[in-house]
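Asks: Structure below; questions to follow.
The values are calculated or read from the model by the stated rules, or taken from the named source; none is laboratory data. Note that the structure is predicted; figures quoted are calculated from it, not measured. Glycine gets a Cβ as well: all are built from the backbone with ideal geometry, and neighbour counts include every protein chain shown.
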Amino acid sequence: MKSSEPRLCRVVLALGTVAAALSGGCSIISPWPAWEVVKGAGAVASLALERADSEASHTVYHAHAPVRELCIAFNPQAEVADMVPALQQSLRRHRVDSRVYEDLQQVPGCKVWLHYAAWIAWDTQPLTPLPRPYISAAALTLRTAEGQVLSSSHYVMADGLRTDKWATTRQKIAPVVTALVTGAENVGFYTCLNVAQRAKEEFPHDPNNC
């Protein structure tokens, strides 16, 4: 059973507690106690949905020396304001330095490039009146300056009760960056080290990216 079950159980318990309080004659200090109960229960349910874990998918990783620095090719068509900061924060977690450039042709010193794309959709978040954008899918690719693909990985929004629709950009992108630079898709740190150890056998003088 996945980790979302305890969260959903807590939501059910919270709703049950609210129902019991109402039936027992308890009151909430508010002009509209029933509405406060509805908002409280909705907030609990919304929080449980927001905290669903995002995952990487469709990862392709070709064995290569661990990347210590790279250049990010800025994509003006990816209409996500915090996409680049989220990428750079996630890269730093793996000790990868990055710089951002708009024109690939003017930076001959970059040996590895990170290309990204992101797609957004709009919906109304629970208990909010106006629609807001969210990332529905994203794709990351590492290429050499000559165009050789080193790795690629994707984010696709989870659906059903375990949706991560309203997770932050960094929460959605971080596992994709991990898969991109380590080849370890949706695994813990120690499993990542095992993957890195296998890479070290082939590249003994290079540090790992975990």
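Asks: Restricting the stretch 172-210 to residues that are buried (at least 19 other Cβ atoms within 10 Å of the Cβ) and among the polar types (S, T, N, Q), which is modelled with the lowest pLDDT?
Replies: Looking at the filtered set, the residue picked out is 209.
Asks: A further question follows. State yes or no: is residue 112 among the β-branched types (Val, Ile, Thr), touching a strand residue (DSSP E or B) at 6+ places or on another chain (Cβ under 8 Å) and over 26 Å from residue 175 (Cβ atoms)?
Replies: Against the criterion (among the β-branched types (Val, Ile, Thr), touching a strand residue (DSSP E or B) at 6+ places or on another chain (Cβ under 8 Å) and over 26 Å from residue 175 (Cβ atoms)), residue 112 does not qualify.
Asks: With (1) of a type in the set (Asp, Glu); (2) farther than 25 Å from residue 57 by Cβ; (3) within 17 Å of the chain's Cα centre (by Cα) as the list, and residue 146 as the residue in question, which single condition is left unmet?
Replies: (3)
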